[in-house]
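The values are calculated or read from the model by the stated rules, or taken from the named source; none is laboratory data. None of these values were measured; they are calculated from a predicted model. Every residue, glycine among them, receives a Cβ derived from its backbone with ideal geometry; neighbour counts consider all protein chains shown. For accessibility, only protein heavy atoms count, side chains too; no ligands or nucleic acids. Shrake-Rupley method; radii C 1.70, N 1.55, O 1.52, S 1.80 Å.
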Amino acid sequence: MLHRNMNLPTTMPRGLDGLLGDLRRARQTGDMGRMALLSWCEVRRWARMAGEQSLAEHSSDMMTHSPCATREEFLLRIDALIAELEQAGSKHPVGRPMPR
């Protein structure tokens, strides 16, 4: 089983459903580090591959240009990012190929 998973290409895009699930789970458990990692790396990557440039910029800005002063502010931004991802998901339904 492990060998099968190791042979997957490293450039394989992460599915939006999995990304949203991981982000929601991190939000529910209060895992701040996981939320930061997902929003900085995975959301930006998915958004760029899907042609959602404003979402990619929003994700990047959250961590670099205007970091949060409080935990509550960070959680509000994560909630907004989740909503933005859900909205972007309606433009990219499952089964439809992602643009390259």
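Taking the range 74-88, which residues are hydrophobic (A, V, I, L, M, F, W, C) and open to solvent by 60 Å² or more (accessible area, probe 1.4 Å)?
So in the range 74-88, the residues hydrophobic (A, V, I, L, M, F, W, C) come out as 74-76, 78, 80-83, 85, 88.
Result: L76, single match.
Residue-by-condition table, conditions (1) in contact with a helix residue (DSSP H, G or I) (Cβ under 9 Å, 6 or more places away or on another chain); (2) under 20 Å from A88 (Cβ atoms); (3) surrounded by 18 or more Cβ atoms within 10 Å (Cβ to Cβ); (4) touching a residue at least 40 places away in the same chain (Cβ under 8 Å):
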{"residue": "L16", "(1), (2), (3), (4)": "yes, yes, yes, yes"}
{"residue": "L19", "(1), (2), (3), (4)": "yes, yes, yes, yes"}
{"residue": "S39", "(1), (2), (3), (4)": "yes, yes, yes, yes"}
{"residue": "A47", "(1), (2), (3), (4)": "yes, yes, yes, yes"}
{"residue": "H58", "(1), (2), (3), (4)": "yes, yes, yes, no"}
{"residue": "M62", "(1), (2), (3), (4)": "yes, yes, yes, no"}
{"residue": "H65", "(1), (2), (3), (4)": "no, no, no, no"}
{"residue": "E72", "(1), (2), (3), (4)": "no, no, no, no"}
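What residue, of I78, I82, is touching a Lys or Arg at 6+ places or on another chain (Cβ under 6 Å) and either closer than 13 Å to L23 by Cβ or not in a helix (DSSP H, G or I) (or both)?
None of the other options fit; the residue is I78.
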